[in-house]
Amino acid sequence: MKLENRVAVITGAGSGIGRASALEFAREGARVVVADLNLAGALETVRQIKAGGGQAIAVETDVARPESVQTLVAQTLEAFSQVHVLLNNAAIQVNKTVEDTTVEEWNREINVNLGGVFLCSKFFLPHLRQTRGCIINMSSVNGFFVEPMCAGYCATKAAIIGLTKAMAIDHGKEGIRVNCICPGYIDAGLAWGYFEAQPDPAAARAAAGKLHALWRIGRPEEVARVAVFLASDEASFMTGSAVVVDGGFGSGLPPSS
Ligand SMILES: NC(=O)c1ccc[n+]([C@@H]2O[C@H](COP(=O)([O-])OP(=O)(O)OC[C@H]3O[C@@H](n4cnc5c(N)ncnc54)[C@H](O)[C@@H]3O)[C@@H](O)[C@H]2O)c1
């Protein structure tokens with residue numbers, strides 16, 4: 001097993017890519033802290049991990065709130081004494097242009113997607129230093145290639161790539177590795193929301209598959225397995241990387257084909 005005796009904190013692990021990552025980490029031997037604003041979703045992830053013989057706890061967390069993240073740190077240490085991996089995965093997506101985005105929506109998207117990476121990293125770093133642990137941030141191909149009607153989301157995902165590289169430089173000498181993952185379309189919550197925001201959601205979903213060289217969108221576990229790799233010793237000389245997991249996004253056919 002690749003993550004035996006490790007403790008991993010995964011934000012947004014109550015559904016989608018986060019849940020798939022929590023299950024995959026547990027299968028590889030990690031004890032998992034399932035952090036999510038949606039406690040019911042987090043508890044269901046924990047139930048599935050325990051059903052597979054793994055160890056996990058659920059912590060209701062709002063990654064945008066400093067006091068909530070500090071509670072997450074305290075509960076992690078209380079349950080498992082130490083932490084080796086932080087997977088900053090929680091995010092929301094406002095499917096609007098800048099003009100149509102309200103100030104409240106903008107602030108919330110920045111505070112969850114980018115602020116959440118900042119707060120969780122800030123408060124877990126002292127503990128990751130003790131284990132020479134690692135941070136994995138969930139960015140997106142939208143950090144490189146933008147799409148219509150999600151301006152704020154694209155901005156946060158591009159910023160996460162920069163923040164990843166900056167943290168890698170600052171903490172590399174302490175043995176802490178910091179990488180990010182840039183998935184293409186994945187069959188999970190945020191992509192579903194984007195399809196629903198289009199005039200014809202079914203057509204949008206079909207078209208999205210063809211944007212990828214593999215002519216399909218990805219599955220959450222296909223991202224989760226890369227997160228396991230980055231968390232493991234197999235990635236011991238990787239830091240500051242933006243690892244693209246996108247089925248060849250941008251090299252498929254245009255949506256009209
Ligand atoms: N689905 C895709 O196509 C896709 C593509 C590229 C990148 N990503 C990235 O993958 C990650 C997961 O996306 P997903 O599609 O699985 O989404 P999802 O909606 O299925 O899961 C996101 C989880 O984050 C939680 N969350 C939201 N706000 C939170 C907060 N303030 N504090 C704590 N938890 C909060 C939600 O409750 C939810 O369980 C995101 O970072 C997203 O940007 C997704």
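Taking all protein chains into account, the per residue accessible area for the chain stands at 44 Å² (1.4 Å probe). Counting only alpha carbon atoms, the long axis of helix 201-210 and the longest principal axis of the chain meet at about 80°. Residue by residue, region 48-62 carries 3J(HN,Hα) couplings of 5, 5, 5, 4, x, x, x, 10, 7, 10, 9, 10, 5, 9, 10 Hz when phi is fed to the Karplus relation 6.51 cos²θ - 1.76 cosθ + 1.60 (θ = phi - 60°); x denotes Gly or Pro. Exposure check, 1.4 Å probe, all protein chains in place: Ile17 carries approximately 30 Å² of accessible surface.
The trypsin sites (Lys or Arg not before Pro) found in region 51-153 that occupy coil by DSSP, while having at most 16 further C-beta atoms within 10 Å, are Arg132.
Label sites at Trp215 and Leu77, each approximated as a point 7 angstrom past Cα along Cα to Cβ, lie 5.4 nm apart.
Under 5 Å from the amide H of Cys150 lie the amide H atoms of Lys96, each residue being 5 or more positions distant or on a separate chain, with H modelled from the backbone and absent for Pro and chain starts. Taking a ≥ b ≥ c as the square roots of the eigenvalues of the Cα gyration tensor of region 82-222, is the shape rounded (a/c under 1.5), prolate (a/b larger than b/c) or oblate? Prolate. Computed with every protein chain present, the accessible area of Phe118 is close to 110 Å² [probe 1.4 Å]. Helical content alone sets the calculated 222 nm signal of the chain at -14000 deg cm²/dmol, taking -39,500 (n - 2.57) per DSSP H segment of four or more residues and averaging over every residue.
When Phe195, Phe237, Phe144 are compared by accessible area of protein heavy atoms, the largest-first order is Phe237, Phe144, Phe195, using a 1.4 Å probe. Figure note: Arg6, Arg219 ranked by solvent-accessible area, largest first, 1.4 Å probe, ligands and nucleic acids not counted: Arg219, Arg6. With θ taken as phi - 60° and the Karplus curve 6.51 cos²θ - 1.76 cosθ + 1.60 applied, the whole-hertz 3J(HN,Hα) list for region 137-152 is 9, 8, 9, 5, 4, 5, x, 10, 10, 8, 10, x, 6, 7, 4, x Hz, x standing for glycine and proline.
Express in whole angstrom the spacing between the alpha-carbon centres of region 30-79 and region 176-248. Each part reduced to its Cα centre gives a spacing of 23 Å. Translational diffusion of the chain was estimated from the Stokes-Einstein equation, with Rh taken as the Kirkwood radius over Cα pairs; at 10 °C and 1.306 mPa s the coefficient is 87 µm²/s.
Computed over protein heavy atoms with a 1.4 Å probe, the carbon and sulfur contribution to the accessible area of region 156-213 reaches 64%.
Relative to the longest principal axis of the Cα atoms of the chain, the long axis of helix 220-231 makes an angle of roughly 40 degrees. Simple point charges give the picture: +1 on the Cβ of Lys and Arg, -1 on the Cβ of Asp and Glu, and for region 7-245 a dipole about the Cα centre of about 600 debye.
Label separation (Gln55 vs Asp100): 4.8 nm, computed from points 7 Å beyond Cα along the C-beta direction.
The values are calculated or read from the model by the stated rules, or taken from the named source; none is laboratory data. Model, not experiment: these values are computed from the prediction. Neighbour counts run over all protein chains shown; Cβ positions are idealised from the backbone, glycine included. For accessibility, only protein heavy atoms count, side chains too; no ligands or nucleic acids. Shrake-Rupley method; radii C 1.70, N 1.55, O 1.52, S 1.80 Å.
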